[in-house]
Each structure stands twice: as C-alpha cells, then as structure tokens.
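The values are calculated or read from the model by the stated rules, or taken from the named source; none is laboratory data. All values derive from a computational prediction rather than experimental measurement. Cβ sites come from the backbone with ideal geometry, for glycine too, and all protein chains shown count toward neighbours. These accessible areas exclude ligands, DNA and RNA; they are computed on the full protein's heavy atoms, side chains included. Shrake-Rupley method; radii C 1.70, N 1.55, O 1.52, S 1.80 Å.
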Amino acid sequence: MDSAPSLRLRDVSRTYGRGDHEVRALDHVTLDCEAHTWTAVMGPSGSGKSTLLHCAAGLEQVTSGDVWLGHHQVSAASEQQLTQLRRRHIGFVFQSFNLMSALTAEQNVALPLRLAGQRVPHQRVREVLASVGLGQRGRHRPRELSGGQQQRVAIARAIVTRPDILFADEPTGALDTGSARTVLAMLRGLVDAQGQSVVMVTHDPTAAAYADRVVFLADGRVADWMVRPSAAAIAARLTELEG
Ligand SMILES: Nc1ncnc2c1ncn2[C@@H]1O[C@H](COP(=O)(O)OP(=O)(O)OP(=O)(O)O)[C@@H](O)[C@H]1O
C-alpha cells in the first residue's frame, strides 16, 4: 500500500453570496488525508464541515484553491470529468441512507456498476454485502431492514466500485447507539483490512473516536487536529471550540 495522501486540499476557500451577504464557509483550508486512513471532521454547527466534504467530493465548486484526489484535480474538473470521478473514484454515504425502496439490497449495491455501464459481477455484489455483514440479506428490500442494516447496504453500494476514498456525512446520525456502533466497527474494518480511505463528518465524539485522526474546523478554518484521541478528549476540545 502506498502512503501518498489520497486527498489534498490546498488553500481552499468557499464563499456563498456576495457583498454584505457573503458567507465564507471555508477560509483557506489546507489539509492532507492519508490513503488507507480514516479522518473525522468535527466542529461547531456552521463551521464548514459539510462544505468541506462537498468540495472534496466534487459535489460543490471551490471559490479558490485546489482539491486533489490522488492525481485527479477535482477543483479543475469539468462536469463530465466529475461524473467519471464520482463513478470510479469516490464513494459517498449520507445520513439518510438514500436507498432505492423498490430495489433489493443486491440491486441497490449493483446500481453504481449499472450506472457506469459496467457488467454487474454478482459475485462481487455478494462479496461486498458479505463484507458489511449482510450476506444473508441480499434479497431484502430497504423496508425489511433495520436502519443500521440499511446504512450498511448504503456503504456496500458506495464501495462496490472500489473507490479511492469514501466520504461519509453523518453516517450514524439517524441510528440508535447499537446500530451506530456496528456501522462504525464495520467502517473501521474496511480501513484496517481493505485499506479503504474514509473522510467522515460527524457531531458525535464517540463516532469520531473510531477514526485515525480528528480534524476540527471553526469558522471555516482548521482549528486543530488530534491523532487517535479518546471520545472524552474530542468532546472536551469541541466544547472549547463552541465556547
Ligand atoms: N448554499 C448555501 N448558501 C449560503 N450559505 C451557505 C450555504 N451552504 C452553507 N452555507 C453557510 O456556510 C457555513 C458553513 O456551512 P456548513 O453546512 O458547511 O457547516 P457545518 O459545519 O456542516 O454545519 P452543521 O454542523 O450545522 O451541519 C454556514 O454559515 C452556512 O450557513
């Protein structure tokens, strides 16, 4: 495994609105996320976490600065290139799962391959579902699965294309404590066993404590970072930043 950063943000700013109404959601952010590691992004409400994730994933344009995913310059990509990047190199998981209710778990997981016009290797789909602990649930539709199971299907769908990086926006925000723990332990397993790179936004110090590193934003800037901190240390730092 190489150790080159899978994600690099260089002097990234993102503003919304103009003049008196201008909001600087990201303010000259420079950040490296190493390949095969898990970075959690935390910070007070409005500190720019979602904006950072969206800019990094090419879902939103930066106002200035550069975003690199491996050797792909996300910040300079055309719409067509971004579509290819998102299909081949990026996985995204949302708080609300966003599964297709009419499709089975297997069909949901196969969807990104179909959208990319690829043949769907059923063995691969089953393997990925098994890797998230749902090998026996492939024929179930989302309404027949618990919230935690649905989120694991969503993660399987996000990694079926073997993305260079998996972005997760509050992946446990809608889950009870037990399901959240299962999902987080599974993500940890993906990083440790398969070398998956993960960048996750969360409000929850317990969730962030599963990551290798926690980056704290405040007012659109990187205010601090910690390596393998405890949930208590994260909560304490967050309280200071909110104060
Ligand atoms: N589309 C938009 N138009 C105008 N302002 C926006 C837009 N999106 C975000 N903002 C502003 O940018 C700033 C950062 O927002 P962002 O959603 O990235 O913060 P956050 O840290 O994810 O917040 P939260 O924890 O509440 O989800 C906020 O002041 C927000 O109001």
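Here are the numbers for this structure:
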{"read-out": "Percent accessible area from carbon and sulfur atoms, the chain, protein chains only, probe 1.4 Å", "value": "48 percent"}
{"read-out": "Relative contact order of the chain, pairs being alpha-carbon contacts under 8 Å that are 6 or more residues apart, as %", "value": "27 percent"}
{"read-out": "For the stretch 172-242 versus the stretch 139-166, the gap between their alpha-carbon centres in whole angstrom", "value": "20 Å"}
{"read-out": "Per-residue [θ]222 nm for the chain (sum of -39500 (n - 2.57) over DSSP H runs n ≥ 4, rounded to 500)", "value": "-10500 deg cm²/dmol"}
{"read-out": "Selection of trypsin sites (Lys or Arg not before Pro), the stretch 16-85, meeting DSSP coil and at most 14 other Cβ within 10 Å", "value": "18"}
{"read-out": "Accessible surface ranking that places the most exposed of 20, 219, 27 first, with a 1.4 angstrom probe", "value": "20, 219, 27"}
{"read-out": "Cβ-derived FRET efficiency at R0 30 Å, residue 126 paired with residue 63, nearest 0.05", "value": "0.10"}
{"read-out": "Probe 1.4 Å, protein heavy atoms only - accessible area per residue of the stretch 5-242 in square angstrom", "value": "46 Å²"}
{"read-out": "Residues residue 81 and residue 118, FRET efficiency given R0 of 25 Å [Cβ-Cβ distance, rounded to 0.05]", "value": "0.85"}
{"read-out": "Nearest-ten-degree value, helix 177-194 long axis tilted from longest Cα axis of the chain", "value": "90 degrees"}
{"read-out": "Cα Rg, Dmax (largest Cα-Cα span) when computed across the stretch 5-242, Å", "value": "17.6, 56"}
